[in-house]
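Participant: Here's a structure for you.
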Number of protein chains: 2
Amino acid sequence: MFDLTSYLAAQRERINAALDAVWLENSPPTRLVSAMRYSLTAGGKRLRPILCLAAAEAVGGASADALPAACALELIHTYSLIHDDLPAMDDDDLRRGKPTCHKAFDEATAVLAGDGLLTLAFQVLSGPSSRETGNADAWLRVIGEIAQAAGYQGMIEGQMRDMDGETHGFDLKDLESMHRLKTGALIQAAVRTGVILGGGTEDLIDRLDRYGGNIGLAFQVTDDILNVEGDPAVMGKAAGTDTTRHKNTYPSLLGLAESKAFAEQLIQEALGALAGFDEKSDPLRAIARYILNRRR
Amino acid sequence: MFDLTSYLAAQRERINAALDAVWLENSPPTRLVSAMRYSLTAGGKRLRPILCLAAAEAVGGASADALPAACALELIHTYSLIHDDLPAMDDDDLRRGKPTCHKAFDEATAVLAGDGLLTLAFQVLSGPSSRETGNADAWLRVIGEIAQAAGYQGMIEGQMRDMDGETHGFDLKDLESMHRLKTGALIQAAVRTGVILGGGTEDLIDRLDRYGGNIGLAFQVTDDILNVEGDPAVMGKAAGTDTTRHKNTYPSLLGLAESKAFAEQLIQEALGALAGFDEKSDPLRAIARYILNRRR
């Protein structure tokens, strides 16, 4: 029986160590670096990097080869949280139970810390550990995949639509495409780049892409569900905020029971995409179930 | 006699055409894309991309090979202007004679448009035209050079120090290191990446690095001078703002005459670094003189 809890803890430790090592040796402890590290070490789940490493292993690769991509994905995720929390955007004071970056520092520093993390992601992707693999073509492709998923046709457009939806309302179709852009694209890129760096074929990339797309959307559906019935103490953030903000969510559009059934269905599709994969993809299977049952 | 005016006009046209082509064919005309394009087409001098192409030619390369890097440099420069103009930072209403991005759109859109341009830069650097060169190693190095110059050890740290200097004041040494980070690093990266993509040796990279470092700082010294005695109508932005903001600048710390002498000296050093280069580096020579004598 695969033990997900120890697996996640071990991978998290490994990724945190790798993230500690992204700072160049001569990095002075500037205010900018402090703000970047503050948000990066604020206790994230490390879901995207863990998926990237697990996908590399699922196709028979060595997850160590994907470590720079795993770090870059977390740097990008963290930057997006800092910018989304800004007063001009979601204006959030708390994130993972701690003051948001612009509260702990100031708004200008938070904008620049986000910019710094985003840029550092590409520094890591093109750094010595990528360049010394002798696999520059794969890394160039990975950089392109991550930039596209994180960019104006992916995550950033998702955040634009999310803000727009708060004003104008969403139907179910708008909601799904917003989530697929805002959260799904980067999760999908995590899986895809793991497969690429693990040496997977185009066919494997396509199959695991289906897994990534389904768990990415499921993650957001469960996020909406947790906002209704989650425990703020476990989540490290307030519940009920979507209702207060009159946001259209899966529970508000579909009802709670129907939303849970939809999340369940997405996870079944994700597991279906793993049919025919051997036990090396057990972590991906367990992560899919964890997304469905998560408490935070 | 080398005609700089027609050279700059021709290169600018070429770069603008390449920048028009960075948008993927299926890009819908979203508000996000409108904001990104608004700032990108607001009439920049295209100095960084022109330097990149000219450096590739100076070492005997084909400037077409450096075009994706040239575009990426301008995308990054434009993002930095959008974020620097934000209310939480310099709070500027006008840029190049037009409303700044957050004035023309709104603050959230401006943050995201900046994020989008920065991310797009890396999409372009890793896109088909880079991947099809069969020169993935060089492109990976170029991505690393640009990310480092634009990042927390370069341009972003420069902006942090610039804001800090407005509060705490600068001496001449602080001022120089701030400018070398905020403006110099990306200009230097433009020259370096041009040489790399033009196929230049490590020795040529070093020699032109000296050119880039000197013109980068000179550019900022003349910027300070223009803020004192420039014509707002020609510059498309207000003059005298440094004095109003009590900013320490080269003229305020050295005096106007001494600042001009310093700029002249930097340009002479830049020209010195080009000694032994043939007429293919005439554009770089002319650009150095142009930086000294520019009106905007």
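Bear in mind these aren't lab numbers, they're just calculated from the coordinates by the rules spelled out. This structure is a prediction, so every number in the text was calculated from the model and none was measured. A quick note on method: Cβ atoms are made from the backbone with ideal geometry, for glycine too, and the neighbour counts reach across all protein chains shown.
Participant: Rounded to the nearest 0.05, what FRET efficiency do A:D20 and B:L94 give with R0 = 51 Å and r taken as the Cβ-Cβ distance? Could you check?
Facilitator: 0.75
Participant: Let me ask something else about it. Estimate the FRET efficiency between A:V228 and A:S27 by the formula 1/(1 + (r/R0)^6), using the beta-carbon distance for r and 45 Å for R0, to the nearest 0.05.
Facilitator: 0.60
Participant: Step through the residues of region B:7-21 one at a time and calculate ³J(HN,Hα) from phi using the Karplus curve (6.51 cos²θ - 1.76 cosθ + 1.60, θ = phi - 60°), rounding each to whole Hz and writing x for Gly and Pro.
Facilitator: Going residue by residue, I get 4, 4, 4, 5, 5, 4, 4, 5, 5, 4, 5, 5, 5, 4, 8 Hz, with x marking Gly and Pro.
Participant: Would you pull out the residues with amide H under 5 Å of B:R95's amide H, same chain only if 5 or more places away, H placed 1.01 Å from N?
Facilitator: Sorted by chain and number, the residues that satisfy this are B:T100.
Participant: Between copies, how far does the label point of B:P232 sit from its twins, in nm, shortest first, when each point is 7 Å from Cα along Cα→Cβ?
Facilitator: Going from nearest to farthest copy, the values are 5.0 nm.
Participant: Find, among the residues of chain B, the one whose Cβ sits nearest the axis of the rotation taking B to A; state the distance in whole Å.
Facilitator: Reported as residue, whole Å: B:A136, 2.
Participant: Residues of region A:273-296 with the amide nitrogen closer than 16 Å to a label point 7 Å from the Cα of A:A239, along Cα-to-Cβ, please.
Facilitator: A:293-296
Participant: Let me ask something else about it. Relative to the other copies, what are the label-point distances for A:E166, with labels 7 Å from Cα along the C-beta vector, expressed in nm at one decimal and sorted shortest first?
Facilitator: Output for A:E166: 2.5 nm, nearest copy listed first.
Participant: Here is a follow-up. Using alpha carbon centroids, what distance separates region A:79-145 and region A:1-33, in Å?
Facilitator: Taking the Cα centre of region A:1-33 as reference, the centre of region A:79-145 is 14 Å away.
Participant: Among B:T249, B:T78, A:T5, which comes first, second and so on when ranked by fewest other beta-carbon atoms within 10 Å?
Facilitator: Result, fewest neighbours first: A:T5, B:T249, B:T78.
Participant: To one decimal in nm, how far is B:M1 from the same spot in the other copies, if labels go 7 Å from Cα toward Cβ? Please give the shortest first.
Facilitator: 8.8
Participant: Counting other C-beta atoms within 10 Å, and keeping those with at most 14, which DSSP coil trypsin sites (Lys or Arg not before Pro) do you find in region A:196-282?
Facilitator: A:R245
Participant: Please report how far the C-alpha centroid of region A:219-296 lies from that of region B:39-62, rounded to the nearest whole angstrom.
Facilitator: 48
Participant: State the extension gain, in nm to one decimal, for the chain segment bounded by A:A261 and A:F2, taking 0.36 nm per residue of separation less the distance between their alpha-carbons.
Facilitator: Fully extending the segment from A:A261 to A:F2 adds 90.7 nm.
Participant: On to the next question. Each residue of region B:103-115 in order: what ³J(HN,Hα) in whole Hz does its phi give by Karplus 6.51 cos²θ - 1.76 cosθ + 1.60, θ = phi - 60°, with x for Gly and Pro?
Facilitator: 7, 6, 10, 7, 5, 4, 4, 5, 4, 5, 5, x, 4
Participant: Mind checking region B:1-73 for chymotrypsin sites (Phe, Trp or Tyr not before Pro) that DSSP puts in a loop (not H, G, I, E or B) and that have at most 12 other Cβ atoms within 10 Å?
Facilitator: Passing sites in region B:1-73 are B:F2.
Participant: If amide hydrogens are placed 1.01 Å from N in the peptide plane, which non-local residues have theirs closer than 5 Å to the one on A:V59?
Facilitator: Here the answer is none, since no amide H 5 or more places off falls under 5 Å of that of A:V59.
Participant: Further question on the same structure: Provide B:C52, B:C71 in ascending order of the number of other Cβ atoms located within 10 Å of each residue's Cβ, fewest first.
Facilitator: B:C71, B:C52
Participant: To the nearest 20 debye, what charge dipole does region B:4-293 have about its Cα centre, counting +1 at the Cβ of each Lys and Arg and -1 at the Cβ of each Asp and Glu?
Facilitator: Approximately 520 debye in magnitude.
Participant: Oh, and also: Please report A:I225, B:I143, B:I76 as a ranked list, fewest other C-beta atoms within 10 angstrom at the top and most at the bottom. Can you show the working numbers first?
Facilitator: Numbers: A:I225 20, B:I143 29, B:I76 26.
By the 10 Å Cβ count, ascending: A:I225, B:I76, B:I143.
Participant: Using the Karplus curve 6.51 cos²θ - 1.76 cosθ + 1.60 with θ = phi - 60°, work out ³J(HN,Hα) for each residue of region A:173-182 in order, rounded to whole Hz, and write x for Gly and Pro.
Facilitator: Per residue, the Karplus-derived 3J(HN,Hα) values read 5, 4, 4, 5, 6, 4, 5, 4, 7, 5 Hz.
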